[in-house]
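The values are calculated or read from the model by the stated rules, or taken from the named source; none is laboratory data. This one's a predicted model, so the numbers in the text were calculated from it and none came from an experiment. Note that we place each Cβ from the backbone using ideal geometry, even for glycine, and neighbour counts take in every protein chain shown. Areas reflect the complete protein model, heavy atoms only, side chains present, ligands, DNA and RNA absent. Shrake-Rupley method; radii C 1.70, N 1.55, O 1.52, S 1.80 Å.
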Amino acid sequence: MKFLAIIILVSLCDVSFSQYYEYDSHWWIAYLHSQQYSSPQYSYGPSYDYEGPDPPRPFVSDCPQECECPPSFPTAMYCDGRNLKYLPYVPSRVKYAYFQNNQITAIPDGAFDNATGLVWLALHGNQILSDKVGRKIFSKLRGLERLYMQNNNLTRIPSGLPRSLRELHLSANQINRVPTNALEGLENLTALYLHENQIQEVGHSLRGLKSLVHLDLSNNQLRRLPDSLPDSIEQIYLEYNQLSSVPSDYFKAYPKLQYVRISHNRLTSDGLSGTTFNTSSFVELDLSYNQLHRIPPVSTSLQHLYLQGNQIAEFTVKSFCTHVDITSFSQLQILRLDGNEIQSNSIPPDTPLCLRNADIINM
């Protein structure tokens, strides 16, 4: 009787094991091994010490459930456009973090302490307040190159910005001043975007930005130009401000400056000298929609000049060419004078010789 019971029990075990065998012939062995390593109180055989790498561990995703971390781009974390009101945890492997277009209002100190390798940080299109940005929030991000914080509710430039920054985007906020030390130490910064704020004065706050190439201060409330700019500057955008004058030798101090836009301001001819814009480095100059009565003298090397929407009544060739001959003429390619008071029959006869390279002339 006992013998029959043993045979039945063995048969049932065979059937049970055969079910696992369909899926994994080594299931039972793997199970025993897992128990051996995970439960020290049980021993299924002798243990062997050996030198070598640990067996690979199962991959466990450290991506926050609110975000997306694509396997094809393991250093990026996408948390944009998800109605987030807080900053989720950022894994240490992340270099590119995208939090734009949410409802985030605060960035507390320590939010990025784990992700010290961040290179790009996108926080634009939120509701971040200056009083809720930690003073040491960027202190450990020593490799951060691009910081996007435009379209928020900032009233001042964040403090403690890392020296590694190359681009700083702070447009469309409520910043009304730039203290002298606000950008101190940012010697690697090449582009600064401060347009669409309420800035009234910049002073000497930009002087230490030794690598700055692109500066956008348009759509502010500037009544005077920055007191000083870095020698590296190549592009400056000042349209939609309240500038009425420019010092005579202001731009000559910046030999690399090529693109200058001061359209939609309050410039008058009385507020400009005859040498203000006669700078050989200029490639493009935009003075449209001001209150100019005369064409200001410009360098013969200038290629694009925009003067539409002023009150200019006279066309003067000497504004472009001090004298005209075979070898001396303007390099101007585009000239816009439409929306002024110049009569077509008042154009001097030597104009075509002076502007022989012009492709577009709008009068």
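List of remarks:
- Spatial separation of Cα centroids for region 179-208 and region 58-101, in angstrom: 31
- When a 1.4 Å probe is rolled over the protein heavy atoms, the share of accessible surface on region 132-282 that falls to carbon and sulfur comes to 38 percent.
- Heavy atoms of K256: accessible area, 1.4 Å probe, square angstrom to 10: 110
- Between the alpha-carbon centres of region 105-178 and region 300-363 there is a gap of 46 Å.
- Across the alpha-carbon atoms of region 104-255, the computed radius of gyration and Dmax are 15.3, 52 angstrom.
- With DNA, RNA and ligands ignored, accessible area of S164 (1.4 Å probe; Å², nearest 10): 20
- Ranking L189, P162, Q200 by how far each Cα lies toward the positive end of the dipole of region 140-212 (charges on Cβ) leaves P162 at the top.
- Only protein heavy atoms count here; under a 1.4 Å probe, Y237 has an accessible surface of about 20 Å².
- Take every Cα pair under 8 Å whose residues are at least 6 apart in sequence, average their separation, divide by the length of region 224-335, and the relative contact order is 20 percent.
- For L222, nonlocal amide neighbours, meaning residues 5 or more places apart or on other chains whose placed amide H falls under 5 Å from its own, are Q242.
- Solvent exposure of region 136-214 amounts to 45 Å² per residue of accessible area, where only protein heavy atoms count and the probe is 1.4 Å.
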